[in-house]
């Protein structure tokens, strides 16, 4: 095993453990809020611009995940995320198609937290009466000026703040003089969202609510199970079930 890979493994696991400790209290506060949304038949919306879209997709349509999670998709893959007003237009169109309803939850993800699109998505959702959760690297966000005219960074637009615990620039292993490799935002960001989903499932179970959990479509009968589960959300999921 290369020394770079070994260094990444050790450091990334340290950051993952720290993220668990850092976010535990916030996840504990969020679980009843997200759980109550699910219990009412509501939807959890996610948005991530650029590479953060990978994290937003982690909890959408996943085996073992909640059926009622759906995502706002950016067809430019973040290419124009700093075009002022683009994020607002994006979420306005999504709202017309799938609806953002008061009392639902929106999770906006951006490692830097400084770019316009995720900030505009968060501000729009707050205006619509949703609970807004941000996931970013707070160390980087606090050290970086916003690109949005409001001057706000993503964590300043949210009701609840989750921190991936990374470092400015994301990469943690020095590969050459002043050049780093090995980003952690996806690894830890996906873990944080899965912790939140599991805490939500635990809340639903403890309060006697059904668990609308998807099964792996590779298991017998799973596709039929998933389709039946998703029927009530059919008009509200931006990515339909198989």
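Where a number appears in this text, it was derived from the coordinates with a stated rule and is not lab data. Note that the structure is predicted; figures quoted are calculated from it, not measured. Cβ atoms come from the backbone with ideal geometry, glycine included; neighbour counts cover every protein chain shown.
Quick notes on this one:
- Computed E for residue 142/residue 180 - FRET, C-beta separation, R0 25 angstrom, nearest 0.05: 0.80
- Relative contact order (%) - the chain, alpha-carbon pairs under 8 angstrom, separation at least six: 25 percent
- Taking other C-beta atoms within 10 Å as the exposure proxy, 157, 68 rank 68, 157 from fewest upward.
- Relative to the longest principal axis of the Cα atoms of the chain, the long axis of helix 185-206 lies at roughly 30 degrees.
- Protection proxy ranking, peptides 194-207, 74-87, 228-241, 122-135, average beta carbon neighbours within 10 Å, highest first: 122-135, 194-207, 74-87, 228-241
- With 10 Å bins from 0: P(r) over segment 100-238, alpha-carbon pairs, percent: 11, 29, 31, 20, 8, 1
- Helix 3-39 vs. the chain, principal-axis angle (Cα, 0 to 90°, nearest 10): 30 degrees
- In terms of surrounding Cβ atoms within a 10 Å radius of their Cβ, 170, 177 rank from fewest to most as 177, 170.
- Mean projected area of the Cα convex hull of segment 80-124, taken over all directions, amounts to 3.2 nm².
- Average 1/r across all pairs of distinct alpha carbons in the chain, invert it, and you get the Kirkwood radius: 18.4 Å.
- Pair residue 21, residue 40: separation of 7 Å Cα→Cβ label points (nm): 3.6 nm
- Considering all different alpha carbon pairs of segment 35-139, the Kirkwood hydrodynamic radius works out to 13.6 Å.
- The length gained on full extension between residue 234 and residue 156, counted as 0.36 nm times the residue separation minus their Cα-Cα distance, comes to 24.8 nm.
- Counting only DSSP beta bridges whose two residues both lie in the chain, roughly 25 percent are antiparallel.
- Residues residue 167 and residue 207, FRET efficiency given R0 of 41 Å [Cβ-Cβ distance, rounded to 0.05]: 0.60
- Shown for 26, 184: other C-beta atoms within 10 Å of each C-beta, ranked fewest to most, produce the order 26, 184.
- For segment 139-224, relative contact order (Cα pairs under 8 Å, six or more residues apart, normalised by length) works out to 16 percent.
- Rounded to 10°, Cα long-axis angle of helix 116-127 versus longest principal axis of the chain: 40 degrees
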